[in-house]
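Asks: This is the structure, below, for whatever I ask next.
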Amino acid sequence: MEASAGVASCWAVLDSLGTRGRWVPCGSCSERALVPCWPRRGAAKRWPPNVTQSDVAAGAALSAFSAAADPALQCFAHELSKGSPLRIGVFGTSVSANNKRQWNGPSYPEVLQWLLRARLNSNVSVSTVAFPGMSADMREACLDTLLPVGSADMYFVEEASGLGLTPHSRDAAIRAVEQLTDALRARSPTHASMPSVPVGLFSPLDQSCVRRIKRLAPFKPRGSWSSAAKRSAAEAAAEDIAWAVSARDACLHSVNTSMSEGMVRLASTRRLPVVSMMHTLSPLLASTPVGPTGSGLSELLQRFTRDYVHFTFYGHLLAALMLDGLLAEAARLAAKHLARGRDPCRRRPSAGTGGGEAGASSPRSCAVGEALKPLVVGASGFAYTVEWSLQGNPKPGYVGGVPGAALHLCQPRPHSRGGRSVIDVGHLVSFDGMGRGEVACWADCSCAPTRFDSHWKRQNSVGALKSVKVAWRDRGQPAQAAAADGPPSAHCGGCGLTVTVLNETSSNGHKVKIISLVSGLSGHGGDGAVVWMHNPKTKHPYGYEEIASEVWPRKKGRR
């Protein structure tokens, strides 16, 4: 993005934010500083980071490469520069969810809309469909439910990095993102002049990297509280410096398990536009000096992330500036091609992603949120409840909290013949008051009783998928009676599933929350963090010991 455009967009954001009354400009919009604002609350304690254009050179170069790689993006940017009222859809996780809590400020899709409207003087709209903890393969299965065909002219797919990704789980997540982008690119363009639907990738900061540098669980040194009084100031400072240096090295060299690196490689292979926050800030991480107590790196990330992955206002603003820069670079390339007599919107042969609407012949099905209600044929102790995240976003589902509570669901038959398939029951995994459940089958299918645990010790909540392998009966065979596992009077012409809250728990409660019912997924396991949590190779129930030992080996005398 050119400096003048950045300054103009900067002031436009300030004006927009000023009218909302929640954020005030305390700096200046100069050619050098791209982040001139900070929140009214706590402004005296946290100065704005001096993020310069040279600091984001790597990210800008990556965006320039992405813009040149995708002709569909150039066509979209060209139409955008003409003032066409186009629509951009952001499909992602809680990182992209609109911050409805006043102290969080606007999200990057909101800021991006302000930037584009100020720079182009057009009525472009940016909408967000984002769900906390929802994996890419689950979003693909629920694509037409969550993001109907024709809802946008261009899409950005955001995929946050799970904690403790192995090369195998990282590759599985990347394959899911690839399938999701293929499904979106297969949609027919809604704008007459566009030959195809452009899809871009957005990769936030890697969660493991942020946790390491900010010393969040599970990377916090064990025994640091109990032994702090026994150490001298020099020993404590040396330990802090060693931690900061090792954490930075781990961040900059974790290529094999980095979700950001995987997203960039996918973009290069499939010629997709991509914006990677990790690649943008890596030069800044490498050049930031480590202070006498290990300070510097943590303070840098504190300005962009309010926890281990979610953005502060600075993070949202920087993400929006990078996405706006990608579109500006694509428009510049489109104008260059037009000057040479080449139309960026000319029709090209299909790239092989398909030509029909997404999901037209797909065997997948998804029920989430309100769409789950028609599949419920009975409930005892379960009730449809809409809970709210810390960002103020709804989290609907069926909640049961006492042992013996039962939720009866009916999944329609995919075909009339028998056979085997997998149905994934989506449930909430959290750290407080969660219990255990069991899934049993009845009606036109059978399965082994399948148990799941909704409790873990990490201080966040995500969605998990529990795979149930079912055997379908032929139409001519008698259905399994529903008296044992299903509701006595319920009729189900498909696969009946009963979720029962068990009288056992590893926490202080028995809460079980069912959030979705999905069939036809290519991979089973849900969110990256949940896949890792169930990794049988980890000795510790939640894998904390292994990951913490990689960065901070156990010392004698520590517990």
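Asks: Hey, among VAL518, VAL530, VAL470, which residue is modelled with pLDDT under 65, not charged (D, E, K, R) and not in a loop (DSSP other than H, G, I, E, B)?
Replies: That would be VAL530, the only listed residue that is modelled with pLDDT under 65, not charged (D, E, K, R) and not in a loop (DSSP other than H, G, I, E, B).
Asks: Considering segment 278-300 alone, what residues qualify as being within 30 Å of ALA328 (Cβ to Cβ), surrounded by fewer than 24 Cβ atoms within 10 Å (Cβ to Cβ) and among the hydrophobic types (A, V, I, L, M, F, W, C)?
Replies: Across segment 278-300, the qualifying residues are LEU284, LEU285, ALA286, LEU300.
Asks: Considering every residue within segment 51-63, establish whether at least one is modelled with pLDDT of 55 or more, surrounded by fewer than 17 Cβ atoms within 10 Å (Cβ to Cβ), of a type in the set (A, V, I, L, M, F, W, C) and closer than 30 Å to SER193 by Cβ.
Replies: Checked against the condition, which is being modelled with pLDDT of 55 or more, surrounded by fewer than 17 Cβ atoms within 10 Å (Cβ to Cβ), of a type in the set (A, V, I, L, M, F, W, C) and closer than 30 Å to SER193 by Cβ, segment 51-63 yields at least one hit.
Asks: Output the residues belonging to segment 257-274 that are surrounded by 23 or more Cβ atoms within 10 Å (Cβ to Cβ) and either of a type in the set (Gly, Ala, Ser) or touching a strand residue (DSSP E or B) at 6+ places or on another chain (Cβ under 6 Å) (or both).
Replies: SER258, SER260, GLY262, MET263, ALA267, LEU272, PRO273, VAL274 - these are the residues of segment 257-274 that are surrounded by 23 or more Cβ atoms within 10 Å (Cβ to Cβ) and either of a type in the set (Gly, Ala, Ser) or touching a strand residue (DSSP E or B) at 6+ places or on another chain (Cβ under 6 Å) (or both).
Asks: Taking the stated definitions as given, is GLY419 at pLDDT 80 or above and either farther than 30 Å from THR93 by Cβ or touching a helix residue (DSSP H, G or I) at 6+ places or on another chain (Cβ under 6 Å) (or both)?
Replies: Answer is yes for this residue.
Asks: Next question, about the same structure. Residues that are among the aromatic types (Phe, Trp, Tyr), farther than 30 Å from CYS345 by Cα and either touching a residue at least 12 places away in the same chain (Cβ under 8 Å) or outside the structural domain of MET277 (by TED's automatic domain parsing) (or both): does segment 108-119 have at least one?
Replies: no
Asks: When ALA250 is evaluated against the numbered criteria (1) without any contact (Cβ under 8 Å) to a residue 60 or more places away in the chain; (2) surrounded by fewer than 21 Cβ atoms within 10 Å (Cβ to Cβ), which criterion, by number, is the only one it fails?
Replies: (1)
Asks: Take segment 420-442 and flag every residue that is crowded, with 24+ Cβ neighbours inside 10 Å and either not assigned by TED's automatic domain parsing to the domain that holds VAL377 or not in a strand (DSSP E or B) (or both).
Replies: GLY435, the sole residue that qualifies.
Asks: Still on this structure, please answer the following. Specify the residue that is nearest to the chain's Cα centre (by Cα); the eligible residues are those in segment 393-409 that are hydrophobic (A, V, I, L, M, F, W, C) and surrounded by fewer than 24 Cβ atoms within 10 Å (Cβ to Cβ).
Replies: Only one residue tops the list, namely VAL399.
Asks: On to the next question. Only one residue in SER161, SER151 is out of contact with any helix residue (DSSP H, G or I) (no Cβ under 7 Å at 6 or more places or on another chain) and touching a residue at least 24 places away in the same chain (Cβ under 8 Å), so which one is that?
Replies: Among SER161, SER151, only SER151 is out of contact with any helix residue (DSSP H, G or I) (no Cβ under 7 Å at 6 or more places or on another chain) and touching a residue at least 24 places away in the same chain (Cβ under 8 Å).
The values are calculated or read from the model by the stated rules, or taken from the named source; none is laboratory data. Bear in mind the structure is a predicted one, so any value in this text is a computation, not a measurement. Glycine gets a Cβ as well: all are built from the backbone with ideal geometry, and neighbour counts include every protein chain shown.
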